[in-house]
There are 2 protein chains.
Amino acid sequence: MSVRQSYDHELEALRQDLLTMGNFVGEAIQQAVQSLIKQDVELANQVIAGDDVVDSMEIDIEDKCMVLIATQQPLARDLRIIGAAMKISTDLERMGDHAYDIANVALRLADKPPLKEFIVIPRMAELAQQMVNDALDAYVRLDTLLAEQVCEADDEVDRLYDHVFRELLTYMIEDPRNISQATQLIFVARYLERIADHATNICEWTIFLVTGQRMRKKSI
Amino acid sequence: MSVRQSYDHELEALRQDLLTMGNFVGEAIQQAVQSLIKQDVELANQVIAGDDVVDSMEIDIEDKCMVLIATQQPLARDLRIIGAAMKISTDLERMGDHAYDIANVALRLADKPPLKEFIVIPRMAELAQQMVNDALDAYVRLDTLLAEQVCEADDEVDRLYDHVFRELLTYMIEDPRNISQATQLIFVARYLERIADHATNICEWTIFLVTGQRMRKKSI
């Protein structure tokens, strides 16, 4: 194998690691919301335990990036791809943290009668997971069109967040006994909204890689 | 100037940029909380406008890191210092986002009679700003003792967050008219708590730089 081939091989391994981490985090998001809806303590604990795995994945990716930089001394786009990988792993790790946060809410609410049927929150989780997957696909394939689509999907998540937020406020106003529980659910909606923002960050890195254009960052 | 001297000079410039960014973000946190307390719309708008500056600072630091890597091909600890700078700039940018979030709450509540006198939230802001400054000092001086102290201060912020959270819940339960406002203030307390978590992230990077030991990440 030539030096360049070996290098391409390592870059490809890095991409695969990011995909694996992204899939793991996407699953964790879904499972966390499922554990909340089904009041499934075991599943919530599984998500919480999985956070260590996510943290290790981030460290592993960071280390690989450092080794690649040290041994291959990459330039131009290769260097940007590696720099982006370091930043993207941070976004994925934060998403994993939010899945962990949601699982903790699930534990807290596991023995309380549900406030209402969950409709919008699972929809938000589904959209968020899809955005994570698409964002990583766009990064791996350097597909700016898909990256832009993900950024657009974020508007839908923001809309759903506003909807949930307002609805939960009315529950609190109707009956003060709902307040503690509704506050926790507002946090869950907020975590999902932030997960979607992190997915758009990943897309902005992809657009930067391909076009050299920096996009205005969304405040997270 | 020798190559090594010029390189040391650039590393020093990178450290200075991180300090400048950290000071700016620390100020923004304080100003955001002041704008909330004093219902000062102008100050809130100033913090909101400052978010673009923070974003530019992050991009500038990222670019400098990339250039340093490309031109100096650093190894071992130098490479870790630059890698850490990339990660730390992300933490600072997220803190800046939270200052922006707090300023937005300030705008939303600017024309509402205050729920109560603010005591704990300003204390949280003060502690958070101190943690940011100390975390960056620790990074620049590679001072693991100070880094550990910052991590300990985080426990105090967590304790204050719990205090504010519980107190605001009681306000909501007492009078449903408080709910919307109290929910916003819970968000503010949460943002401050997360800012402190980001400061501990910076310290964990410093400890890693010096000792090579990775610490268990705090879930943010």
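The values are calculated or read from the model by the stated rules, or taken from the named source; none is laboratory data. Keep in mind the model is a prediction, meaning the values are calculated, not measured. Backbone-built Cβ (ideal geometry, glycine too); neighbour counts: all protein chains shown.
Quick notes
- Just one of the listed residues (A:Tyr139, A:Tyr171) is among the hydroxyl-bearing types (Ser, Thr, Tyr) and over 30 Å from A:Val210 (Cα atoms), and it is A:Tyr171.
- The condition of being among the charged types (D, E, K, R), in contact (Cβ under 8 Å) with a residue 60 or more places away in the chain and assigned to a helix (DSSP H, G or I) holds for A:Lys87.
- Taking the criterion of being touching a His at 6+ places or on another chain (Cβ under 8 Å) and not in a helix (DSSP H, G or I), the only residue of the range A:1-36 that qualifies is A:Met1.
- Number of the condition not met by B:Asp63 [criteria: (1) farther than 30 Å from A:Phe208 by Cα; (2) surrounded by fewer than 20 Cβ atoms within 10 Å (Cβ to Cβ)]: (1)
- Annotation: B:Arg108 fulfils all but one of (1) within 9 Å of chain A (Cβ to nearest Cβ); (2) under 17 Å from B:Val47 (Cα atoms); the unmet one is (1).
- Neighbours by Cβ (under 6 Å, 6+ apart or cross-chain): first from the range A:29-51, more than 11 Å from A:Ile102 (Cβ to Cβ); second assigned to a helix (DSSP H, G or I) and of a type in the set (A, V, I, L, M, F, W, C): A:Gly50/A:Ala28
- Residues located in the range B:57-90, provided they are more than 9 Å from chain A (Cβ to nearest Cβ) and small (Gly, Ala, Ser): B:Ala84, B:Ala85, B:Ser89
- Conditions (1) surrounded by 13 or more Cβ atoms within 10 Å (Cβ to Cβ); (2) over 19 Å from the mean Cα position of the chain (by Cα): number failed by B:Leu14: (2)
- Tally of residues being touching a residue at least 24 places away in the same chain (Cβ under 8 Å) and farther than 22 Å from B:Ala128 by Cα across the range B:168-192: 3
- Going through (1) more than 10 Å from every other protein chain (Cβ to nearest Cβ); (2) without any contact (Cβ under 8 Å) to a residue 12 or more places away in the chain; (3) acidic (Asp, Glu) one by one, A:Asp154 falls short only on (2).
- Test: residue in the range B:99-112 that is in a helix (DSSP H, G or I) and more than 30 Å from B:Ile37 (Cβ to Cβ): no
- Residue count, the range A:43-54 (criterion: closer than 16 Å to A:Ile29 by Cβ and either within 8 Å of chain B (Cβ to nearest Cβ) or under 16 Å from the mean Cα position of the chain (by Cα) (or both)): 6
- Condition met for A:Gln39 (outside any helix (DSSP H, G or I) and polar (S, T, N, Q)): yes
- Residue tally, condition among the β-branched types (Val, Ile, Thr) and buried (at least 24 other Cβ atoms within 10 Å of the Cβ), over the range A:126-156: 2
- Residue match in the range B:57-69 (condition: over 30 Å from A:Pro74 (Cβ atoms), part of a helix (DSSP H, G or I) and either within 23 Å of the chain's Cα centre (by Cα) or modelled with pLDDT under 90 (or both)): no
- Residue pairs meeting the criteria (Cβ under 7 Å; at least 6 apart or on separate chains; first within 21 Å of A:Val53 (Cα to Cα) and among the small types (Gly, Ala, Ser), in the range B:193-220; second buried (at least 19 other Cβ atoms within 10 Å of the Cβ) and at pLDDT 75 or above): B:Ser219/A:Asp51; B:Ser219/A:Asp97; B:Ser219/A:Tyr100; B:Ser219/A:Asp101
- Flag for A:Gln34 being of a type in the set (S, T, N, Q) and within 12 Å of chain B (Cβ to nearest Cβ): no
This table checks each residue for (1) out of contact with any Phe, Trp or Tyr (no Cβ under 6 Å at 6 or more places or on another chain); (2) within 13 Å of chain A (Cβ to nearest Cβ).
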residue: B:Arg159; (1), (2): yes, no
residue: B:His163; (1), (2): yes, no
residue: B:Leu185; (1), (2): yes, yes
residue: B:Asp197; (1), (2): yes, yes
residue: B:Thr206; (1), (2): no, no
residue: B:Val210; (1), (2): yes, no
